[in-house]
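Asks: Have a look at the structure that comes next, please.
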Amino acid sequence: DLDFTLLTPEQSIEPRMDHASVVFDNKIWIFGGYNPNARGDRYTYLEDVWNTADGIHWENVTMDAPWQGRRGHAVVVFNDELYLIGGFRAYRGDDGKTYGGAVNDVWKSSDGITWEEVKEHSYKTKVYYPSLDSSEDVRGDDLYDPSDDTTWYPRLNHTVVVADLDNDGTDSMYLIGGFAKEFMPYMNDGRNDQTRKYFADIWESKDGITWEQIEPMTLDNPTSEI
């Protein structure tokens with residue numbers, strides 16, 4: 001049997017769900033998330049970073065990380081730095097309105113305070129932007145088969161792991177699955193119907209900037225072997 005001890009933090013940390021957590025620099029870290037108790041407030045989507053060495057004494061690293069309010073994102077430790085990848089981002093624009101949506105951006109940090117955006121949100125297709133140049137369309141040739149996409153679709157609740165699967169002596173980041181509730185061009189005939197899509201793809205990166213799809217997602221063979 002396992003024995004558990006309830007630890008009560010001395011600091012007041014907001015309740016949350018869909019946050020990310022890792023062990024880094026011999027501490028437990030948490031990043032952002034969604035506070036359902038703050039509904040109606042822009043801070044429903046949190047952009048804070050906390051860490052602790054014992055689960056009781058927590059230190060607030062920042063309350064306003066530049067990746068903005070976010071839930072369902074992934075954070076991993078890669079090459080001794082923190083990488084925050086994708087998720088559902090919500091923020092308030094200069095017009096006072098709140099905007100939100102899944103993103104495919106990547107941020108990195110060596111201390112949890114200063115963050116660098118190494119990959120901007122970049123998913124653009126002619127479905128959404130009819131005047132977009134064909135060379136900038138990240139979707140492949142087949143509207144219904146995303147296996148030839150040039151980058152991964154914005155998503156949340158995905159998994160990212162670090163491993164050396166090809167045994168070349170260097171680790172890679174592997175982004176796996178997730179879902180998005182967006183205007184999905186794969187699930188309709190070009191109409192902007194909103195639907196939820198669950199992904200079965202795997203993407204590899206050695207720097208967080210360039211990603212390659214190593215296990216193409218196909219609609220006719222969703223259980224293909226890895």
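Asks: In the Gaussian network model of the chain, springs joining C-alpha atoms below 10 Å, which of P66, P146, P15 carries the largest mean-square fluctuation?
Replies: Of P66, P146, P15, the most mobile in the Gaussian network model is P15.
Asks: Return one whole number: the accessible area per residue of segment 10-120 in Å², for a 1.4 Å probe.
Replies: Dividing the accessible area of segment 10-120 by its residue count gives 48 Å².
Asks: Also, quick follow-up: Roughly how many percent of the accessible protein surface of the chain is carbon and sulfur, given a 1.4 Å probe and a whole-percent answer?
Replies: For the chain, the apolar C and S fraction of the accessible surface comes to 47 percent.
Asks: Using only the alpha carbons, work out the radius of gyration and Dmax of segment 43-157 in angstrom.
Replies: Radius of gyration, then largest Cα-Cα span, for segment 43-157: 16.7, 54 Å.
Asks: For the pairs K27/K108; K124/K197; K27/K119, flag any whose C-alpha to C-alpha distance is greater than 21 Å.
Replies: In this structure, K27/K119 lie more than 21 Å apart at Cα.
Asks: If you consider only alpha-carbon coordinates, what radius of gyration and Dmax does the chain have, in Å?
Replies: 18.7, 62
Asks: What residue among A180, A163, A20 shows peak mean-square fluctuation when the chain is described by a Gaussian network model with Cα springs under 10 Å?
Replies: Highest fluctuation among the options: A163.
Asks: Specify the residue with the greatest mean-square fluctuation among E204, E14, E212, computed from a Gaussian network of the chain linking alpha-carbon atoms under 10 Å apart.
Replies: In the Gaussian network model the winner is E14.
Asks: Can you compute 3J(HN,Hα) from phi for each residue in segment 70-86, using the Karplus curve 6.51 cos²θ - 1.76 cosθ + 1.60 with θ = phi - 60°, rounded to whole Hz and x for Gly and Pro?
Replies: Result, ordered by residue: 7, 9, x, 8, 10, 10, 9, 9, 9, 6, 6, 9, 8, 10, 9, 10, x Hz.
Asks: Continuing with this model, one more query. Karplus couplings for segment 51-60 from phi (6.51 cos²θ - 1.76 cosθ + 1.60, θ = phi - 60°), rounded to Hz, Gly and Pro as x?
Replies: Working through the residues one at a time gives 9, 8, 9, 9, x, 10, 9, 10, 10, 7 Hz.
Asks: Right, here's the next one. Residue-wise, which Karplus ³J(HN,Hα) couplings in Hz belong to segment 199-213, taking 6.51 cos²θ - 1.76 cosθ + 1.60, θ = phi - 60°, and x for glycine or proline?
Replies: Rounded to whole hertz, the list is 9, 10, 9, 9, 10, 10, 8, 9, 9, x, 9, 9, 10, 10, 7.
Asks: While we're here: Could you work out how much longer the chain between Y129 and H57 gets when fully extended? Use 0.36 nm per residue separation minus the Cα distance between them, nm to one decimal.
Replies: Taking 0.36 nm per residue and subtracting the Cα distance, the gain is 21.1 nm.
Asks: Shifting gears a bit: With every protein chain in place, what's the accessible area of T150 (1.4 Å probe, Å², nearest 10)?
Replies: Ignoring ligands and nucleic acids, T150 comes out at about 90 Å².
Asks: Compute the Cα gyration tensor for segment 1-78, then decide on rounded, prolate or oblate, letting a ≥ b ≥ c be the square roots of its eigenvalues: rounded whenever a/c is under 1.5, prolate when a/b is larger than b/c in the other cases, and oblate in all that remain.
Replies: prolate
Asks: Quick one: ranking H19, H73 by accessible area, 1.4 Å probe, largest first, what do you get?
Replies: Result of the area sort, largest leading: H19, H73.
Asks: Now a separate question. Could you let me know the centre-to-centre spacing of segment 72-115 and segment 126-171, using Cα atoms, in angstrom?
Replies: Going from one Cα centre to the other spans 18 Å.
Asks: As a test question: what accessible area, to the nearest 10 Å², does R89 have when a 1.4 Å probe is rolled over all protein chains in place?
Replies: 50 Å²
Asks: Got a number for the accessible area of T98? Probe 1.4 Å, square angstrom, nearest 10.
Replies: 80 Å²
Asks: Can I ask one more? Tell me which residues come under 5 Å, amide H to amide H, from S122 once H is placed; ignore anything under 5 positions away on its chain.
Replies: Sorted by chain and number, the residues that satisfy this are N104.
The values are calculated or read from the model by the stated rules, or taken from the named source; none is laboratory data. Just so you know, these numbers come straight off a predicted model, no measurement behind them. These accessible areas exclude ligands, DNA and RNA; they are computed on the full protein's heavy atoms, side chains included. Shrake-Rupley method; radii C 1.70, N 1.55, O 1.52, S 1.80 Å.
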